[in-house]
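Input: a single structure, listed below in structure tokens.
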């Protein structure tokens with residue numbers, strides 16, 4: 001599957017996207033503090049939108065399966081984890097940090113990219129209360145057949161090591 005100037009997705013990942021009209025992705029690294037913090041809210045979001053596919057993407061080979069499984073278990077992460085060994089998915093979508101969130105359609109077109117919400121101002125600085133729920137709002141808009149108002153935000157997190 002090709003997109004404008006981007007590397008093709010693997011058949012496995014392209015087939016995963018075909019299962020649902022929309023897929024929500026969270027790029028993670030098991031030792032990223034923000035990934036640990038946002039895994040539970042991501043799972044809760046997936047529980048609230050059972051008709052949408054939620055996937056966790058781990059790019060690269062920096063962690064073995066045991067480390068990734070321990071991360072998923074300790075954070076009670078429910079969505080399936082996709083191992084993007086050669087950064088094909090990360091490159092295709094332009095992921096740059098962990099955690100970074102995407103909503104894509106079945107053809108891998110990016111409909112939203114960036115933050116889950118505005119709770120994180122910068123690394124090490126969290127709000128006690130947040131007003132913008134970018135990822136949730138994008139999902140709700142798509143399900144209501146409305147345009148996504150905020151299509152991209154600048155993600156805050158650990159650099160995705162290519």
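The values are calculated or read from the model by the stated rules, or taken from the named source; none is laboratory data. Treat the numbers as computed from the prediction; the structure is a model and nothing was measured. Glycine also receives a Cβ, built like all others from the backbone with ideal geometry; neighbour counts cover every protein chain displayed.
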| remark: Of the candidates 43, 23, the one satisfying the condition of being touching a helix residue (DSSP H, G or I) at 6+ places or on another chain (Cβ under 8 Å) and at pLDDT 95 or above is 23
| Of everything in region 114-153 that's part of a strand (DSSP E or B) and within 19 Å of residue 32 (Cα to Cα), which residue is modelled with the lowest pLDDT? | 125
| field | Residue that is within 13 Å of residue 160 (Cβ to Cβ), buried (at least 16 other Cβ atoms within 10 Å of the Cβ) and in contact (Cβ under 8 Å) with a residue 40 or more places away in the chain, where the choices are 104, 97 | value | 97
| query | Between residues in region 75-87 that are on the phi > 0 side of the Ramachandran plot and residues that are surrounded by 17 or more Cβ atoms within 10 Å (Cβ to Cβ) and assigned to a loop (DSSP other than H, G, I, E, B), which pairs lie under 9 Å by C-beta distance while being six or more apart or on different chains? | reply | 87/95; 87/160
| message | Whether any residue in region 1-14 is in contact (Cβ under 8 Å) with a residue 60 or more places away in the chain, closer than 18 Å to residue 115 by Cα and in contact with a helix residue (DSSP H, G or I) (Cβ under 7 Å, 6 or more places away or on another chain) is what I want to check. | response | no
| Taking region 47-70, which residues are more than 20 Å from residue 118 (Cβ to Cβ) and assigned to a helix (DSSP H, G or I)? | 47, 65, 66, 67, 68, 69, 70
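Residues are listed down the side, and each one gets a yes or a no for (1) over 17 Å from residue 28 (Cα atoms); (2) surrounded by fewer than 16 Cβ atoms within 10 Å (Cβ to Cβ); (3) in contact (Cβ under 8 Å) with a residue 12 or more places away in the chain; (4) over 15 Å from the mean Cα position of the chain (by Cα):
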position: 64; (1), (2), (3), (4): no, yes, no, yes
position: 67; (1), (2), (3), (4): no, yes, yes, yes
position: 117; (1), (2), (3), (4): no, no, yes, no
position: 120; (1), (2), (3), (4): no, no, yes, yes
position: 132; (1), (2), (3), (4): yes, yes, yes, yes
position: 140; (1), (2), (3), (4): yes, yes, no, yes
position: 158; (1), (2), (3), (4): no, no, yes, no
position: 162; (1), (2), (3), (4): no, yes, yes, yes
